Amino acid sequence: VDGYGSVLLTDDANGPSLLSMPYLGFVNASHPVYQNTRNMVLSFEDNPWYFDGSYIRGLGSPHTSYLKVWPMAVAMRGMTSEDSEEVKECLDMILASTSGLGLIHESVSVSDGKDYTRSWFAWGNTFVSQFVVDAITRFPGII
């Protein structure tokens, strides 16, 4: 709210974030309020920092360029999902986002995998590693 009646509803790609609330232990992922929040966060219509392109789809951040998704946020989406198909989609998007380096970038352009920030982003690598372990624990055979 800016004092003139305007509001901006959004969530940032890093953590802690609204999307990460179940991960942080504040709420169960199936809670109706969290599900409504998740729907807003992962919505093109409701969140100006949610992007989709031919290369990747997910949350971006004002900290990086417009139309760039943070793979770390894709991992958080997967870790807070109860749907194996959504988790698999997140794993596939992350794998495709490494530009062949095998490392997680800070952010990646939605339409060009060679356009990224930070060729190696330790925080993102940590989140993705945790996501992979989480995914194979919750959904054996997903990889």
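The values are calculated or read from the model by the stated rules, or taken from the named source; none is laboratory data. Note that this is a predicted model, so its numbers are computed, not measured. Reconstructed Cβ throughout: ideal geometry from the backbone, glycine too, with neighbour counts over all protein chains shown. When the accessible area is computed, the model is the full protein with side chains, heavy atoms only, and any ligands, DNA or RNA have been set aside. Shrake-Rupley method; radii C 1.70, N 1.55, O 1.52, S 1.80 Å.
Numerical summary
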{"item": "Exclusive hit being closer than 30 Å to Ser119 by Cα, in contact (Cβ under 8 Å) with a residue 12 or more places away in the chain, open to solvent by less than 40 Å² (accessible area, probe 1.4 Å) and out of contact with any Asp or Glu (no Cβ under 9 Å at 6 or more places or on another chain), set Asn14, Asn47", "result": "Asn14"}
{"item": "Cβ pairs under 6 Å, 6+ apart, first in the stretch 68-88 and free of Cβ contacts under 8 Å to residues at least 60 places away in the same chain, second small (Gly, Ala, Ser) and part of a helix (DSSP H, G or I)", "result": "Pro71/Gly124; Met72/Gly124; Val87/Gly78; Val87/Ala135"}
{"item": "Residue tally, condition open to solvent by 10 Å² or more (accessible area, probe 1.4 Å) and at pLDDT 95 or above, over the stretch 58-69", "result": "2"}
{"item": "Scan of the stretch 1-11 for residues that are more than 20 Å from Arg57 (Cα to Cα) and either buried (at least 16 other Cβ atoms within 10 Å of the Cβ) or not hydrophobic (A, V, I, L, M, F, W, C) (or both), ordered by number", "result": "Asp2, Gly3, Tyr4, Gly5, Ser6"}
{"item": "Residues located in the stretch 19-44, provided they are open to solvent by 70 Å² or more (accessible area, probe 1.4 Å), of a type in the set (A, V, I, L, M, F, W, C) and touching a residue at least 12 places away in the same chain (Cβ under 8 Å)", "result": "none"}
{"item": "Hey, Tyr55 of a type outside the set (S, T, N, Q), touching an Asp or Glu at 6+ places or on another chain (Cβ under 8 Å) and open to solvent by 50 Å² or more (accessible area, probe 1.4 Å) or not", "result": "yes"}
